[in-house]
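Every read-out reported here was derived from the displayed coordinates using simple, explicitly stated rules and does not represent laboratory data. These numbers come from a predicted model, not from an experiment. Here the Cβ positions follow ideal geometry from the backbone for every residue, glycine too, while neighbour counts run over all protein chains shown.
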Amino acid sequence: MIRTLTHTLHELLAETEALLTLAAGLAFLAGIGASVAGAPRPAQVGLYLVAIVVGGVPIAREAWETLVGERRLSIDSLVVVAVVGAALLGQWWEGAAVVFLFSLSEMLEDLTLDRAHSAIQALMALSPEEARVKAAGRESLVPVADVAVGATVVVRPGERIPVDGNVSAGETTVDQSAITGESVPAAKHAGDRVFTGTINQQGYLEITTTHPAEDNAIARIVQLVESAQASKAPTAQFIDRFAAYYTPGIVVLALLVALVPWLAFGQPLQEWVYRGLVLLLVGCPCALVISTPISIVAAIARSARAGVLVKSGTVMEILGQAKAIAFDKTGTLTQGRAAVTDVVPFPGYDEAAVIRMADRVEHRSEHQLAAAILRHAGHAGTGRAADRLHTEDVQEFEAVAGRGVRASVDGHVYVCGSPGYLQDLGYDVAAQRDAVAQLQAAGKTVLLVAENRTLSGAIATMDVVRPEAAPALQEVERLGLTHVALLTGDSRATASAIGRQLGIENVHAELLPEQKVAVVQDLVDSHDTVLMVGDGVNDAPALAAASAGIALGAAGTDVAMESADVVLMGDDLRKIPAALRLSRRTMAVIKQNIAFSLGIKAAVLLLALVGLASLWMAVLADVGATILVAANGLRLLRAWDGS
């Protein structure tokens, strides 16, 4: 509520200042018209004075508030001094021109920043205002703000999902591009998470609400991005510190220019006071001050629209400076779930028979390896979901945690488990040791399958590498991050196998969380700026230890949003090199803006010292520089280069 009132007040003030600028401009143009028409001098001066007073009110207020509240001179203070000086010298039209052009510059600066801010604020419009809540078998439309956590919300094909929640009934595909930046629709089934503002494309859904409206995915994204845009990057902080000394310095220099030639050399006082006033306006660092924040705000807004949340301007700068990058394995470089990679039938059996036997006994298990086997067999799940697909007579089912399962199915005894488990049950596994060892050397988990007392085959499973991981890593290395490390708590054999698949030489395996932190700290010591990529949950300490932590696949995950500096709402690793490129382009634009701003100032300053620049020329140069700097920064709103 307070935030809304503050935003409304800001809009009202901005509208008022825009109207005052317009009124000042009209009075200024009327004064010029009166001058051209040969109207009496008092009429001309009156119109210029109206322009100065009307347009100067916001400028004088800002100057006074900064002087009293912060005890420093601001850009507005320089303008006030210059305008008062022009009036005392009788340069009324130039004083009016200064007020109007400076007010116009401030208004354009606000409009530019508002455009960058609105690029992310538009997300809020994606949140539906009403939700169809189902209770006691009846549906009713209620305001989204009134939907309680745990309520069941119905979403029909083509509708936007109004709440964050989990699918409780139905299946469909959902366009999640507004949240994750991924253009390919995501399939959703019972138990899957869905987000506010995404579009249900095909099926009927019932969703159990998990977050209130004020804390849904879109609200969290907007809050994070607004916080990031409000923060200042190191370059912006340096410019602020520089301006704190620069502005008083300009005032002193202007006084010297105005007085020294008159006092020391007998030069005309009025002429050199005028040059001193021009110098004051030349010194207004408007374009310089806006050069960094407009670029940072635009870059953060653009990355957020692509599903990458950068939490501060500091982080936006750090990304492009990184020299090394470390990746967690499970759920980051890999998909985080096991898949069947090999089916090795033993004499007398074929692959289909081995999978069929494993499927018959594993469908009662809840283990992730059982789920991998059932997926390979063409089933969607384990436990009760699989029971509906299996009508065999299953007896004497036994599951030994971490070892395997066995059961009697239609009179046949089936066993599926680790080689050690089958050996303990009395099976002769000696003849298969070489085949098993070869699969294990590749980092795979091996299960043996037996029917009655005969070994029928081996099934190898492994956490599968994400398809985009290899091209993403290649692109990261092309960007100059030649030291790529893999950090995992998994076995050395598995980690080495993943490392070989992806071309990662620096593999650190069997790490506890505190050991991951130590590895990251060592990387920071040796490479200065290091990025850490993880899932944002169990990698939180390592993410915090890096120069910048990047959480992958974090849509709707509170822990990920809190622990990382960069949050990838989806699972696409290719967004990492895209974010690095955006950071580098942002820093290039900032440098261009600073160089251009200082170059314009230097040129007009030289003209002012030799008497070839006027007050209105000084302000016009500043307005032009501000507009060009802002336009250059806004180009970053279209700068995303990622898949």
At 0.36 nm per residue, and after removing the present C-alpha to C-alpha distance, how many nm does the segment from A430 to L67 gain when stretched out fully?
122.0 nm
Find me the longest stretch of the chain that has none of the exposed trypsin sites (Lys or Arg not before Pro), where exposed means in a DSSP loop (not H, G, I, E or B) with at most 11 other Cβ atoms within 10 Å.
72-387
Around R466, which amide H atoms from residues at least 5 apart in sequence, or from another chain, sit under 5 Å from its own amide H, with H modelled in the peptide plane?
T334, Q335
Counting only residues 5 or more places away or on other chains, whose amide H sits under 5 Å from the amide H of Q267 once H atoms are built in the peptide plane?
W262
The range 337-463: Rg/Rh from Cα coordinates, Kirkwood Rh?
0.93
How large is ³J(HN,Hα), in whole Hz, for each residue of the range 245-260 in order, when computed from phi with the Karplus curve 6.51 cos²θ - 1.76 cosθ + 1.60 and θ = phi - 60°, using x for Gly and Pro?
9, 5, 4, x, x, 5, 4, 5, 4, 5, 5, 5, 4, 6, 9, 4
About the Cα centre, charge dipole magnitude for the range 337-463 (Lys/Arg +1, Asp/Glu -1 at Cβ), debye:
280
For R478, project a label point 7 Å along Cα to C-beta. Then give me every residue of the range 624-643 with its amide nitrogen under 20 Å of that point.
639-643
Considering only the chain, percent of DSSP beta bridges that pair antiparallel, nearest 5:
75
Excluding residues fewer than 8 places away in the same chain, name every one of the aspartates and glutamates whose C-alpha is closer than 13 Å to that of K444.
D342, D463, D490
Is the shape of the chain best called rounded, prolate or oblate, per the rule: a/c under 1.5 gives rounded, else a/b larger than b/c gives prolate, else oblate, with a ≥ b ≥ c the square roots of the Cα gyration tensor eigenvalues?
prolate
Return the distance in nm (one decimal) between the two label points of a simple spin-label model at A339 and Q321, each offset 7 Å from Cα along Cα→Cβ.
3.9
Excluding same-chain residues fewer than 8 positions from K575, which lysines have a Cα within less than 25 Å of its Cα?
K188, K232, K311, K323, K329, K516, K591
For Y204, enumerate residues with amide H under 5 Å from its amide H, sequence gap 5+ or separate chain, H modeled in the peptide plane.
E171
State the answer as a single residue: which of H508, A458, L288 lies farthest towards the positive end of the charge dipole of the chain, with beta carbon charges of +1 for Lys and Arg and -1 for Asp and Glu, about the Cα centre.
L288
May I ask you to evaluate 6.51 cos²θ - 1.76 cosθ + 1.60, the Karplus curve with θ = phi - 60°, for each residue of the range 407-417 and list the ³J(HN,Hα) values in order in whole Hz, giving x for glycine and proline?
6, 9, 10, 6, x, 10, 9, 10, 9, 9, x
Along the charge dipole of the range 487-634, Cβ charges K/R +1 and D/E -1, which of A540, L580, L606 sits furthest on the positive end?
L606
